[in-house]
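What follows is one structure encoded as structure tokens, with my remarks underneath.
The values are calculated or read from the model by the stated rules, or taken from the named source; none is laboratory data. Keep in mind it's a predicted model, so treat the numbers as computed, not measured. Virtual Cβ from ideal backbone geometry, glycine too; neighbours counted across all protein chains shown.
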Amino acid sequence: MTVLDHRDQADPDLVPGWLPGATAPRTDPAPLLPDAEPLRVLGTPAADKADPGLLRELYRRLVAGRRYNQQATTLTKQGRLAVYPASTGQEACQIAAALALREDDWLFPSYRDTLAVVARGVDPLQALTLLRGNAHTGYDPRATRTAPLCTPLATQVPHAVGLAHAARLAGDDTVALALLGDGGTSEGDFHEGLNFAAVLHAPVVFLVQNNGYAISVPLTRQSAAPTLAHKAVGYGMPGRLVDGNDAAAVHQVLTEAVERARNGGGPTLVEALTYRVEAHTNADDATRYRQADEVAAWQAHDPIRLLADALRERDLLDDQLVAEAAEEAEALAARMRAEFHADPDLDPMSLFAHVYAEPTQQLREQAAQLAAELAAEAEVHTR
Ligand SMILES: Cc1ncc(C[n+]2csc(CCOP(=O)(O)OP(=O)(O)O)c2C)c(N)n1
Ligand SMILES: [Mg+2]
């Protein structure tokens, strides 16, 4: 594959910005602007053309994803998971986006994106290891090309850009997809990542799941941008808006953005409009900052219901598929309960592994102190 250099693509007709008196922009912003309305497929004539196999696959995965969210939240209440940021209401965004990637592409998720990670092929139980209180990720990021779930906001953005740029320099056609939230777009890492991505023409796609809130902070107090997709224009990449509860639309927009990146077209910022139906995590009380009628309005625009209605419209959802999807979801929930019922077998000393190639003096001292404490404790138990 030929590695393109973005400098080869400069348009000689555009006025260089440094010329005295030059007023024209260096890049025509019009093609970069998002459409006024988010893209919708389900419930529109375009739904008739959507691939039936894909729609049915999305349905099964969305149903399982919702059950997974519900079961994981229940496990926090039983003390079996430390915390869980549910993505109920956002299943379409996460699953359809992950399915738009090729197996050898890379996903860079945030803490809320467990369903995207599972859609990449990570074992559903291993995807929860971190949230179980284990210091390590729990899955091998290289096996499925899925980076660890990132808790510090937007730090996954420069990681994705770096990987995409490196892949391009190496001459392979891997694409990186970074997932983040509306609040994450206020972070410095988001700015630096997008700026570098556009300047370097890196094969990376940014998907912002705008679920209306950053914990208790509503979008109106987070950003004064016309839409978050408009932020793309300032960096010189296209911004696209999509209905994040429409799995077919998300899949279409992401597939187009990923292929564009793969073919040397550079990065895209996609804003998916969605809603976090549950609280931020089990440790949050969402009734303190939002009204029940707002939640109900979004529940009426539920991603699973939208997809089921569109499938029924085309006679693609029979009783058998409904029953199979429900059974798969229940089997997954039962596996989660069985696995998490037992205490994890943890070695506290593993805290010190994989931190530095050469542990620092301080870490060596701390490790020795912990080892001594564990030995003393073991002695008490054997007496
Ligand atoms: C750098 C950083 N600052 C603050 C936090 C604390 N924090 C955790 S989640 C969150 C809100 C993020 O909102 P958003 O990006 O919209 O994602 P959502 O939780 O809605 O999916 C904040 C401020 C953090 N994790 N990392
Ligand atoms: Mg948010």
>> Please verify whether residue 277 is part of a loop (DSSP other than H, G, I, E, B), buried (at least 17 other Cβ atoms within 10 Å of the Cβ) and at pLDDT 95 or above, treating the condition exactly as stated.
In response: yes
>> Quick check on residue 196: is it in contact (Cβ under 8 Å) with a residue 24 or more places away in the chain and either of a type in the set (Ser, Thr, Tyr) or away from ligand 2 (no atom under 15 Å from the Cβ) (or both)?
In response: yes
> Picking from 149, 179, 128, which residue would you name as being more than 16 Å from ligand 1 (Cβ to nearest atom), touching a residue at least 12 places away in the same chain (Cβ under 8 Å) and assigned by TED's automatic domain parsing to the domain that holds residue 57?
Replying inline: 128
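Just need a number here: residues in region 70-112 that are of a type outside the set (Ser, Thr, Tyr) and in a helix (DSSP H, G or I).
14
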> Of the residues 214, 225, which is within 13 Å of residue 180 (Cα to Cα), in the same structural domain as residue 39 (by TED's automatic domain parsing) and either within 16 Å of ligand 1 (Cβ to nearest atom) or among the charged types (D, E, K, R) (or both)?
Replying inline: 214
> Taking region 257-295, which residues are closer than 17 Å to residue 205 by Cβ, under 17 Å from the mean Cα position of the chain (by Cα) and away from ligand 2 (no atom under 12 Å from the Cβ)?
Replying inline: 257, 258, 267, 268, 269, 270
> Quick one: which of 201, 230 is more than 16 Å from ligand 2 (Cβ to nearest atom), under 30 Å from residue 47 (Cβ atoms) and out of contact with any Phe, Trp or Tyr (no Cβ under 6 Å at 6 or more places or on another chain)?
Replying inline: 230
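Would you mind finding the one in 271, 259 that is at pLDDT 95 or above, closer than 24 Å to residue 46 by Cβ and surrounded by fewer than 18 Cβ atoms within 10 Å (Cβ to Cβ)?
Working: 271 fails: surrounded by fewer than 18 Cβ atoms within 10 Å (Cβ to Cβ).
Within the list 271, 259, the selection yields 259.
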>> Tell me the residue from 101, 107, 163 that is more than 26 Å from residue 214 (Cα to Cα) and touching a residue at least 60 places away in the same chain (Cβ under 8 Å), please.
In response: 101
>> Can you list the helices (runs of 4 or more DSSP H) lying wholly within region 119-220 that have 2 or more residues being on the phi < 0 side of the Ramachandran plot, of a type in the set (A, V, I, L, M, F, W, C) and within 18 Å of the chain's Cα centre (by Cα)?
In response: 156-170, 188-200
> Within region 304-311, is there a residue that is within 20 Å of residue 85 (Cα to Cα) and β-branched (Val, Ile, Thr)?
Replying inline: yes
> So how many residues does region 325-352 have that are touching a residue at least 24 places away in the same chain (Cβ under 8 Å), among the aliphatic types (A, V, I, L, M) and not in a helix (DSSP H, G or I)?
Replying inline: 1
